[in-house]
Each structure stands twice: as C-alpha cells, then as structure tokens.
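J.: Right, I'll just put the structure down here and ask away after.
The values are calculated or read from the model by the stated rules, or taken from the named source; none is laboratory data. The model shown is predicted, which means the values in this text are computed figures rather than measured ones. We place every Cβ from the backbone using ideal geometry, glycine too, and count neighbours over all the protein chains shown. With ligands, DNA and RNA removed, areas are computed over all heavy atoms of the protein, side chains included. Shrake-Rupley method; radii C 1.70, N 1.55, O 1.52, S 1.80 Å.
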Amino acid sequence: MQKKNALYRMIITAVLLALGLVLPFLTGQLQSFGQMLSPLHIPVLICGLTCGWTWGGALGIILPLLRMLLFGMPGAPVAIPMAFELCAYGVLTGLLYPWLRGKLCKLGASRLVVILATLGLAMVAGRMVGGAAKALLIMAGLIPGAPLTFAMFVTAYFVETAVGALVHLIVVPAVVLALEKAHLSPNA
C-alpha cells in the first residue's frame, strides 16, 4: 500500500480524531490540569506534521466542535475560538514542516530541530489566531465574555498554557519521529 495516498492519510487522521476525543478524559478529572495541558492540541499537531496541512487543518476544525457536540466539553465559548486556533496549528505545521525540512536540513539541522522549529512557529501563530478569533467572536456577540484585553490574551494563550506547550514540544516530536522511523508517516 502506498502510504502517501489520501486513504492512508484519512486513516491516520481518523485515529488521531479518536485519540483527540478520548485524550481529555485522561486529564478531565482536574479541569485546570486539563486546560493547562491542552490535550486536544496534541493530535492536531501530529496530524499536521504527518498528514499535511489539509488533514491537519480539517482535524483542527472538527475536533473541538465534535467534542463539544458529543460531550458538551469544551463549551461553545471555548470550542469555537479553539477550532480556529487548532485549524491554524494543523495548516501551519503541515505547510512549515516540509518547507523548513528542505531549508534547515540543507544547513545540517536534525529532524528534531526542524520539528521543534515548526512547532514553535505554529504554536505562537495558532495562539494568535485563537485569541483574535475569540476577541472578534466576543465583539460580535456570538460568544459570551468580557472584551479580551492584550493582558488577558497573553495570560490565557501564553502564560497559562506554557506547561502544556512544553509538554507538546516533548510529546509531539517523539511521536512524529517514531512514526517516521517506523515508516508510518505519510510525510516521511
């Protein structure tokens, strides 16, 4: 079976969707712990890196909204802006990884360095997209909440998620490198 075909990418994405639906149950007993770790982000980041921007972006949109519909968590005020954020993660990791791999590997960088650079850029940009989406949705009256100030944005999207980002920078590269080593990644 050719691993680069759409069916294979769809199967990997479906497995990551299932993982994304279940993963928050592992951290959900302590809500603040779950919010800090941001478990929904992990499958989307892996999907963008392994299956490309279209599958990663689609999973990013679908996962928080489907989880909201099935389980009521996260609630709409969180799930809707999160869909924008996770879509940005999936699209950016899918676009940046092959591009940076071509550029940085020529300079002698390892795959780990390329993955970390990709994740760093995508996570910062994705958080900015999520914050902008939340601010616009609040201003439009589509979700409840106080107007999002810059300090609130930085606190919610960078300070309170720093531990989760660190976990993502450890877990996601380990999974992606293992998939590539086992020749299970369509982008390998």
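J.: What is the helix-to-structure angle for 76-106, meaning the angle in degrees between its Cα long axis and the longest Cα principal axis of the chain, kept from 0 to 90 and rounded to the nearest 10?
T.: Here the helix axis deviates by roughly 30 degrees.
J.: Ignoring any ligand, DNA or RNA, what whole percent of the accessible area of the chain comes from carbon and sulfur when the probe is 1.4 angstrom?
T.: Roughly 77 percent of what the probe reaches on the chain is carbon or sulfur.
J.: On a 0 to 90 degree scale, rounded to 10, what angle separates helix 111-139 from the longest Cα axis of the chain?
T.: Relative to the chain, helix 111-139 is tipped by roughly 20 degrees.
J.: Any idea what angle helix 162-181 forms with the longest principal axis of the chain, computed on alpha-carbon atoms, 0 to 90 degrees, nearest 10?
T.: 30
J.: Normalised by the number of residues in the chain, what is the relative contact order in percent for Cα pairs under 8 Å and 6+ residues apart?
T.: So the answer I get is 25 percent.
J.: Right, next: Quick check for you: with a 1.4 Å probe and neighbouring chains kept, what is the accessible area per residue of the range 40-117, in Å²?
T.: 41
J.: Ranked highest first by average number of other Cβ atoms within 10 Å, how do 147-154, 86-93 line up?
T.: Ranking, from highest mean packing down: 86-93, 147-154.
J.: Please build a GNM for the chain, connecting alpha carbons under 10 Å apart, and tell me which residue among Val15, Val172, Val129 fluctuates the most.
T.: Among Val15, Val172, Val129, the largest mean-square fluctuation in the Gaussian network model of the chain belongs to Val15.
J.: Quick one: how many lysine pairs in the chain have C-alpha atoms under 28 angstrom apart, if they're 8 or more apart or on different chains?
T.: Going through the chain pair by pair, I get 8.
J.: If you build the Cα gyration tensor of the chain and take the root of 5 times each eigenvalue, what three semi-axes come out, in whole angstrom, biggest first?
T.: 28, 18, 15
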